[in-house]
Structure formats: structure tokens, C-alpha cells
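Notes follow the structure.
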Amino acid sequence: MGNIRYINWDHVEWSRQFKRFLNDVFYLKRLPINEVAFHLGIRPDTMYKWLNPENPFNNLPAFLLPYFTKKVGKEVLEYLVNQAGFLLVPQPKIEGKVDKKALILVSQALKESTECLNKFVEVVADGNVSNAESKQFEKEYYEALTALTKLWLMVEALRKNKGQKLAGIPTPP
């Protein structure tokens, strides 16, 4: 365990909170810990140690988070990302072929961004935001963010294809 003088008790408490959160995810999803351990390729007793809030020094290793997210769900990853002050946005799929789809993506991004801004104005108009309004805005926000992320992915696809011209779209001389 190490020298008690060097233990950061804030980290210990955060570890306990995180383990309680993990236990809640397992309970709400009705996931047997033994089954999840099997899918992750670890022993069940090890999984129980990682989930025990009374033992904050045995934690789920970070390298298992991608596997854990695929097998259990995104809640754990969202929790960690939110604790760090970031947002988790699913990465949309963009096919390797870059064509007229770029114009459609721009149109979708503009539409989703406009809907998000309109929802923002609607939600904050009276100065009070209810939980339902917050959820509605969050939905619009993530849709807009996803549409804008698709544009960024299209730019990356073009960069990786070293300036491949868009099929059917005239470019200036």
C-alpha cells in the first residue's frame, strides 16, 4: 500500500465514488459480474476487487476501458470523460470514398446547427431550464455536434487521400 503520508486522500475518495458508480451500472443493466469478467478475459475475483469501494487501491486498469465500453456500454466512459470536463461524442462513420456526399454533409451540419441554436433560444427564453428542456437541448446539441464532426472527418478523408477532387463538383482553376 505504501507510505500513508504520500496517499492522496482525494484520489482515494474519487476511486470509491467511481467504484460505486461501476456497481450501479452493473446493477441497473442487470449484468452478472462473472459474465463481464469472462468477456473481458479476467478472473471474477479480480473483477470483484476492482469493483470493491472499500479497497480503493485496486482499480480497473485503463487499458480495459475500450473493451469494457464495448461489452458493458458507454456509461462508464461518459462518466470518466465528464469528470475530466470533456464531452463524449460518438464518432460517425465516413466512407473512404469522397464524392458529392460532402455537400449533403454541409447541408446537414447547417440544418442541425440551426435546430440546436433555435432550441437554445427556446430553452433559455424564460430564464428557467427544466430537466425536460435540458434533455431536449442536449439531444439537439449532440445531433449538431455529430453533423459538424462528420464535416471534420470528411476533411481528414480528403487530407489522407492527398487532395482527391470531389467527384462531380467543379473546382476553380
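Which parts of segment 56-79 would a label at residue 11 reach, counting a residue when its backbone N lies under 15 Å from a point 7 Å out along Cα-to-Cβ?
Taking a point 7 Å out along Cα→Cβ of residue 11, the residues of segment 56-79 whose backbone N falls under 15 Å are 56-62.
What is the fewest-to-most order of 75, 156, 112 by other Cβ atoms lying within 10 Å of their Cβ?
On the way: 75 15, 156 11, 112 20.
Result, fewest neighbours first: 156, 75, 112.
Which of the residue pairs 100/135; 101/160; 29/150; 71/119; 19/74 have a Cα-Cα distance greater than 26 Å in the structure shown? Mind dumping the intermediate values first?
Values: 100/135 34 Å; 101/160 17 Å; 29/150 31 Å; 71/119 34 Å; 19/74 16 Å.
Too far apart for the 26 Å limit: 100/135; 29/150; 71/119.
Quick one: 3J(HN,Hα) in Hz for segment 35-48, Karplus 6.51/-1.76/1.60 with θ = phi - 60°, rounded, Gly and Pro as x.
Residue by residue, segment 35-48 yields 5, 5, 4, 4, 5, 7, x, 10, 6, x, 5, 5, 4, 4 Hz.
So what's the net charge close to residue 56: Lys and Arg +1, Asp and Glu -1, counting the other residues with Cβ under 13 Å from its Cβ?
Every neighbour counted, the sum reads +1.
At a 10 Å Cβ-Cβ cut-off, how would you order 7, 33, fewest neighbours first? It would help to have the intermediate numbers written out before the result.
Details: 7 13, 33 16.
Ascending number of Cβ neighbours within 10 Å: 7, 33.
When the chain is fully extended, how far beyond the present Cα-Cα distance does residue 149 get from residue 64, taking 0.36 nm per residue of separation?
Details: separation 85, 0.36 × 85 = 30.60 nm, distance 2.60 nm.
Fully extending the segment from residue 149 to residue 64 adds 28.0 nm.
Using 12 Å as the cut-off for backbone N distance, which residues of segment 22-40 belong to the label zone defined by a point 7 Å from the Cα of residue 48 along Cα→Cβ?
33-34
Suppose R0 equals 30 Å. What FRET efficiency, 1/(1 + (r/R0)^6) with r the Cβ-Cβ distance, do residue 115 and residue 157 give to the nearest 0.05?
On the way: r = 25 Å, r/R0 = 0.84.
With R0 = 30 Å, the Cβ-Cβ based efficiency is 0.75.
With the dipole of segment 4-83 worked out from charges on the C-beta (+1 for Lys and Arg, -1 for Asp and Glu) around the Cα centre, which of 53, 11, 25 lies farthest toward the positive end?
Of the candidates, 25 comes out farthest on the positive side.
Using the Cβ atoms and a cut-off under 12 Å, what net charge is assigned to the surroundings of residue 26, where Lys and Arg are +1 and Asp and Glu are -1? It would help to have the intermediate numbers written out before the result.
On the way: positive: 19, 20, 29, 30, 71; negative: 24, 35, 75.
For residues surrounding residue 26, the net value is +2.
Averaging sequence separations of C-alpha pairs under 8 Å and six or more residues apart, then dividing by the length of segment 101-160, give the relative contact order as a whole percent.
On the way: 32 pairs, mean separation 29.8, N = 60.
Taking the mean separation of contacting Cα pairs over the length of segment 101-160, I get 50 percent.
So if we plug the beta-carbon distance of residue 132 and residue 28 into 1/(1 + (r/R0)^6) with R0 = 25 Å, what FRET efficiency do we get, rounded to 0.05? The partial results should precede the final answer.
Values: r = 21 Å, r/R0 = 0.85.
E(calc), rounded to 0.05, equals 0.75.
Need the list of aspartates and glutamates near residue 111 for cross-linking: C-alpha distance under 17 angstrom, and skip anything on the same chain fewer than eight residues off.
122, 138, 140, 143
Bear in mind these aren't lab numbers, they're just calculated from the coordinates by the rules spelled out. No experiment lies behind these values; they were computed from the predicted model shown. Ideal geometry is used to build each Cβ from the backbone, glycine not excepted, and the neighbour counts take in all protein chains shown.
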